[in-house]
Amino acid sequence: MPVLLRHTAQALVAVWLTLSALFLLSRSVTDPAAFIQSTLSANTRLDARIDQAALTQQLLRRYGLSAPLFYTSWQPAAGWRWHGTGNQYHQWLGQLLAGNLGISYRQGAPVRGLLGEALRYTLPLTLLATTGSVGLAIGMATSLGYRPRARRLVLLALHGIQSFPLFLVAVGLLLLLANPDTLAWFPAFGLGLEPESGNWGQRAGELLYHLALPVLSLVIVSLPGLVIQLDGAIQQEMTRAYVATARAKGASRRRTMRGHVLRNALLPTIALLTDLLPNLVAGSVVVEVLFALPGMGRLLAEAAATQDYPLLLGAVGLVAVVRLVAQWLTDVAYQLTDPRIRL
Amino acid sequence: MKQLFRGFVVSLSALILTFCSTSPDATTSLVVRIRWASDPDNLDPLVVSNSSASEVANLTYCSLLKASEADNDFVPWLAEAMPIVQWADDSLLLVSYRLRPEATWDNGSPVLARDVAFTLKVMNCPGLPTEMDQAMFGFIRDIRLDPTDARRFTLVCVGQSPDHVRSSGDFSILPEYVLDPEGQLRSIALPALRQTSRPVPAVVVAFARRYQALELNKHPERLPGCGPYRISDWQKGRYLTLARKTRWWADTLSSPPPVLQAFPDQLTYQIIPDAATATLALRRGEIDLYSLMPAAEFVRLQQSAADQQRLRFSATDSYEFLAASFDVRKSILRDALTRRALSQLFDVAALVQATQQGAAVPSVGLISPRVKAYYHDSLPLLRFDPTTAVSLLQQAGWQRRGAGPWTRPNAQGQPEQLRLDLSYRTGEPAYETAARQFSAAARAVGVAVNLRPTEQSVLSRQLRAGATDMSIRTFSGNPFSYDFTPLLHSRGIGASNNTGFSLPASDELIDRIATTDDPARKARLLRQFQLLLHQERPFTVLYFLRYRLAAAARLRVPVTGLKPGYEAARIRVEVPQL
């Protein structure tokens, strides 16, 4: 337990440092006035005559961007200057510790609520993609273990697929399976044209139908890495003496593979799973924009494009937490797979 | 694992069989599905911050006046007629309106002058996000209600610009009966609300709290306007549905003007950020209307026989133009001859072909050629001519030895080289093509160009700080207002005048244009202004964009050169001829 606590504490410190660095960098490198200017230029109602300088100052005050960024600042003429606690970082950290992620500049709503809404769409997408990738990877790697000819062909194909960027795969699927000129089997976008209706089963079916292409895109790009890694580990394990012993004792190929080889071969692959979940969240940026899904990825992309700092930090913080959880899950999975491992 | 894989395949097949035959059937109803690239984000009427939100506001609320492209002016909307204007003294303008007697709120009560007064008070209420409204409508200092007519009122405005008259009627009127049913704000005068030095009255504080408790940013349906539509469903990031009111007040008019027409029973806006996905959705009938379509997609669909059958295509000239700006404060760009020389290196015809599939309109300046009354058609269009560019550079004092760079002495007598930094927003093909084309042409005549594709906020900072020599950007205009103060007046330097250009003559012309309402005089002044800009070239207009729209063949869509490119309320379904 102390080990777990230590790991969690280390991860929390890492999250705090990451978020603090992101907060300070994003606000010091970009010009808040430029953010206000781009907001104003996107506003179709504003006409030419307004006093943009005065309006910019007012909006900077509203968004809390007129205060100093940090406790201290360096000015060439005056040297170091202490600003006390009336700075943006102090205010942000205080809110964060109270569980308040701030208010989105763009949407005027609490960031926590916006992240929650986005997760409603991203969680099914990433969980389905993760489950699908891992399940298929284990299935393919174990099936190929004793089929050298098929293995060569499949690995060749997987190496080829691995070179495709996600965007290309997703567009390809869209043009192949949601196109009136080819096969219009799946919807081109979104989660349905109308509000969800029907019972639980119908809604789940509708959701699966609409998520089929996005999930398939994510599975296709994450599958090769997993299969190639797992296959390599399986091939290495199969040269070990315990495999020959098991076979000599009469265990079937399948039983040897499942009961002995896979368990040992999974160990190096588990490390990959740490990255799989955050990578899928990152990959959902492309998929959610392309398939018009209002999830975390799109929220993150739009927040970055519009310099919606509170939303951006909230979303990146969540990704950092996902990575933390993935690392914790990996640790647990290591111990389950090989009880001899002590972390 | 095999069973798992088989199960997956079987489930997928079952899903395909279950759902692949379902396709939207919208052949007879008055339901129109429109593509939006982005969500409205925030539908608080005080924070209408993007074009999607503005479109919703125009369908759910009414303002006193509305911009009409057909009339090249504002026309009465909630107002009975255009306002009567009086100049009270040198600085005050009295703008008198009367509201339409037919206009009512959803509860049947009439829209009255006190609703207008209430709206102005909300727009100046401390504690609410009113900065934008105060910036736009802060010139309205007071409202005087007519004691004898509950629908008549006068707005007291500062300034003498004719544009103030139009702007005085360009804000959504809010219902007092919803937000302040007890009329508590009636006792507070509008000027009192604007005085920041005084403590805020308790009644105002309480009102601001009530307003914010409504969370109109995500529950706009809690504040129904007097427009023809109400918000029936909004799933952020997915879709927004507007339902036509079954009994809208303008339905009682025998022959409603275009601004008071609303035909579709339901408007559903589907949010599809990606252009390729939106095109597929249109071709599959999942959406009915796709506006501001990229040129390549538009031409591809137009050339497809199947899409010619199921879609109807429209394109109209807009008031948005692509331009190359020069920072005239830079020593190398301080003279008009150099700027004119560099302008000759843009091949507009090739650019229009490459970026707009040939469908864009070259212009001599910042007035759209479609505004024939004001466009200076006697000026020559920009011509790609490197020989003239070289000659102009020589006239500007630049010298070149062999294949070396162009040099000339700067103001301090030190030699300076003609090397340019050219910035543009990254990710926009038109900007990139224009920049690359210019760079190649410039290099061919010995001018080195450093291309700087830049993220929007960084570009904005570069422009304000004067950290780039040239930039390629789009600018938006309209056929109603010709006030170039922010863009080219000395008063705009440090704010929106990023070229740093100003001359006493141009400042005077801009001021005169802004304060003139006589069309003939305005035309004369605008022609002078275009001639001056043509000679001085603080920026070079490359072309005016066309807005392209594709819609289901059954729809008749009124198109417009103003964003979003169509009038949603006036879309009709074509009745088949028997």
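The values are calculated or read from the model by the stated rules, or taken from the named source; none is laboratory data. Just so it is clear, the structure is predicted and the values come from calculations on it, not from any experiment. Cβ atoms come from the backbone with ideal geometry, glycine included; neighbour counts cover every protein chain shown. All accessible areas refer to the heavy atoms of the entire protein, side chains included, with ligands and DNA or RNA removed. Shrake-Rupley method; radii C 1.70, N 1.55, O 1.52, S 1.80 Å.
Residues of region B:561-578 that are of a type in the set (Val, Ile, Thr), open to solvent by 10 Å² or more (accessible area, probe 1.4 Å) and assigned to a loop (DSSP other than H, G, I, E, B): B:Val575 alone.
Could you tell me which residue of region B:461-494 is farthest from the other protein chains (Cβ to nearest Cβ), considering only residues that are aliphatic (A, V, I, L, M) and either more than 22 Å from B:Glu428 (Cβ to Cβ) or buried (at least 21 other Cβ atoms within 10 Å of the Cβ) (or both)?
Looking at residues that are aliphatic (A, V, I, L, M) and either more than 22 Å from B:Glu428 (Cβ to Cβ) or buried (at least 21 other Cβ atoms within 10 Å of the Cβ) (or both), I get B:Met470.
So which residues in region B:71-95 are part of a strand (DSSP E or B), over 16 Å from B:Asp170 (Cβ atoms) and open to solvent by less than 60 Å² (accessible area, probe 1.4 Å), if there are any at all?
B:Leu92, B:Leu94
Does A:Pro187 meet the test of being buried (at least 20 other Cβ atoms within 10 Å of the Cβ) and facing chain B (nearest Cβ under 8 Å)? Yes: the conditions hold for A:Pro187. Within 14 Å of chain A (Cβ to nearest Cβ) and in contact (Cβ under 8 Å) with a residue 40 or more places away in the chain - does that describe any residue in region B:244-264? No: zero hits.
Here is the figure for region B:55-70: residues that are in contact with a strand residue (DSSP E or B) (Cβ under 6 Å, 6 or more places away or on another chain), open to solvent by 20 Å² or more (accessible area, probe 1.4 Å) and in a helix (DSSP H, G or I) total 0.
Checked against the criterion of being touching a Phe, Trp or Tyr at 6+ places or on another chain (Cβ under 9 Å) and more than 23 Å from B:Val75 (Cβ to Cβ), the candidates B:Arg144, B:Arg151 yield just one match: B:Arg144. All conditions in (1) open to solvent by 40 Å² or more (accessible area, probe 1.4 Å); (2) outside the structural domain of B:Leu531 (by TED's automatic domain parsing) hold for B:Lys330, with the sole exception of (2). Exactly one residue out of B:Asn450, B:Asn498 is open to solvent by 20 Å² or more (accessible area, probe 1.4 Å), at pLDDT below 90 and not hydroxyl-bearing (Ser, Thr, Tyr): that is B:Asn498. For beta carbons closer than 7 Å, sequence separation of 6+ or different chains, a first residue in region B:211-238 that is more than 14 Å from chain A (Cβ to nearest Cβ) and a second that is among the acidic types (Asp, Glu) and not in a loop (DSSP other than H, G, I, E, B), the qualifying pairs are B:Arg230/B:Glu221. The criterion of at least 2 residues that are more than 23 Å from the chain's Cα centre (by Cα) is met, among strands (runs of 3 or more DSSP E) falling completely within region B:208-303, by B:229-235, B:239-244. Taken together, the residues in region A:53-74 that are within 15 Å of A:Asp308 (Cα to Cα) and of a type in the set (A, V, I, L, M) amount to 3. Looking only at region A:295-343, how many residues end up being touching a residue at least 12 places away in the same chain (Cβ under 8 Å), small (Gly, Ala, Ser) and over 28 Å from A:Leu266 (Cα atoms)? Number of matching residues: 7. Of all residues in region B:148-184, exactly one satisfies the criterion of being open to solvent by less than 30 Å² (accessible area, probe 1.4 Å) and touching a His at 6+ places or on another chain (Cβ under 9 Å), namely B:Cys157. Considering region B:23-40, the residues that are at pLDDT below 90 and at the interface with chain A (Cβ under 10 Å from one of its Cβ atoms) include one that is most open to solvent (accessible area, probe 1.4 Å), namely B:Ser23. Can you name the number of the only condition in (1) buried (at least 20 other Cβ atoms within 10 Å of the Cβ); (2) more than 10 Å from every other protein chain (Cβ to nearest Cβ); (3) over 17 Å from the mean Cα position of the chain (by Cα) that A:Leu136 fails? So A:Leu136 meets the others, but not (2). Quick one: would you say A:Gly102 is small (Gly, Ala, Ser) and within 12 Å of chain B (Cβ to nearest Cβ)? The answer is no for A:Gly102. The number of residues in region B:511-543 that are in a helix (DSSP H, G or I) and either open to solvent by less than 10 Å² (accessible area, probe 1.4 Å) or touching a residue at least 60 places away in the same chain (Cβ under 8 Å) (or both) comes to 15.
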